[in-house]
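Novice: One structure follows; several queries about it will come next.
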Amino acid sequence: KKIVVTHPTSQLEHYSIEDMKGGLSRGASVLEHVVNDTTRQMKNPIPSSIISDAIKATGAENTIMSTDCGQVINPEPVVSMENFICLMLEDGIPENDILTMTRNNPAKMLGIEL
């Protein structure tokens, strides 16, 4: 009964803010944004501001931040997550919201109590 919409801002899906809000209003549990969409590994990487703007518009309570890394050509997931957190802080996402998106929301999706 949990639905994760992943890569909503990537070049493949390219959801508008209205599309993301619509998915949430129709029952999606969370939007998952991944730092890999901003890297050179992607043919057309997106600016981090596209992700941060989406987070600001749809809310940290509706978002999970992840890396989508672990491949040999990418930095290790821990390094990628650190990079993602730094990018979001630079783009004006508050630290408390980052904790919500990297700790609280994933735990809730997995049924883990903090």
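Novice: Which of the residues spanning the stretch 48-72 are assigned to a loop (DSSP other than H, G, I, E, B), open to solvent by 20 Å² or more (accessible area, probe 1.4 Å) and touching a helix residue (DSSP H, G or I) at 6+ places or on another chain (Cβ under 8 Å)? Don't jump to the end; show me each part of the working.
Specialist: Quick first cut of the stretch 48-72, residues assigned to a loop (DSSP other than H, G, I, E, B) only: 59, 67-72.
Subset that is open to solvent by 20 Å² or more (accessible area, probe 1.4 Å): 68-72.
Residues satisfying the conditions are D68, C69, G70.
Novice: Here's a follow-up. Looking at the stretch 17-30, can you tell me whether even one residue there is surrounded by 19 or more Cβ atoms within 10 Å (Cβ to Cβ), touching an Asp or Glu at 6+ places or on another chain (Cβ under 6 Å) and either in a loop (DSSP other than H, G, I, E, B) or not basic (K, R) (or both)?
Specialist: No; the residues of the stretch 17-30 include none that is surrounded by 19 or more Cβ atoms within 10 Å (Cβ to Cβ), touching an Asp or Glu at 6+ places or on another chain (Cβ under 6 Å) and either in a loop (DSSP other than H, G, I, E, B) or not basic (K, R) (or both).
Novice: I would also like to ask the following. Looking only at the stretch 94-108, decide whether some residue is of a type outside the set (F, W, Y), modelled with pLDDT of 95 or more, more than 14 Å from the chain's Cα centre (by Cα) and open to solvent by less than 40 Å² (accessible area, probe 1.4 Å).
Specialist: There is at least one residue in the stretch 94-108 that is of a type outside the set (F, W, Y), modelled with pLDDT of 95 or more, more than 14 Å from the chain's Cα centre (by Cα) and open to solvent by less than 40 Å² (accessible area, probe 1.4 Å).
Novice: Pairs under 6 Å by beta carbon, first residue without any contact (Cβ under 8 Å) to a residue 40 or more places away in the chain in the stretch 59-85, partner assigned to a loop (DSSP other than H, G, I, E, B) and crowded, with 17+ Cβ neighbours inside 10 Å, six or more apart or different chains?
Specialist: The qualifying pairs are P77/T67; P77/C69.
Novice: Would you confirm, using the coordinates I've provided, whether P75 is within 15 Å of the chain's Cα centre (by Cα) and open to solvent by 50 Å² or more (accessible area, probe 1.4 Å)? Quick ask: steps written out before the conclusion?
Specialist: Numbers: within 15 Å of the chain's Cα centre (by Cα): no; open to solvent by 50 Å² or more (accessible area, probe 1.4 Å): yes.
For P75, the condition - within 15 Å of the chain's Cα centre (by Cα) and open to solvent by 50 Å² or more (accessible area, probe 1.4 Å) - is not met.
Novice: Which numbered condition trips up L89, out of (1) assigned to a loop (DSSP other than H, G, I, E, B); (2) open to solvent by 70 Å² or more (accessible area, probe 1.4 Å)?
Specialist: All conditions are met except number (1).
Novice: Is there a residue in the stretch 37-55 that is closer than 21 Å to I3 by Cβ and not β-branched (V, I, T)? Outline the logic, then answer.
Specialist: Of the residues in the stretch 37-55, the ones closer than 21 Å to I3 by Cβ are 37, 51, 54-55.
Subsequent filtering for residues that are not β-branched (V, I, T) retains 37, 54.
Yes, the stretch 37-55 contains a residue that is closer than 21 Å to I3 by Cβ and not β-branched (V, I, T).
The values are calculated or read from the model by the stated rules, or taken from the named source; none is laboratory data. Bear in mind that the values here come from a model prediction, so they are computed numbers and not experimental data. For neighbour counting, all protein chains shown are included, and Cβ atoms are generated from backbone atoms with ideal geometry for every residue, glycine included. When the accessible area is computed, the model is the full protein with side chains, heavy atoms only, and any ligands, DNA or RNA have been set aside. Shrake-Rupley method; radii C 1.70, N 1.55, O 1.52, S 1.80 Å.
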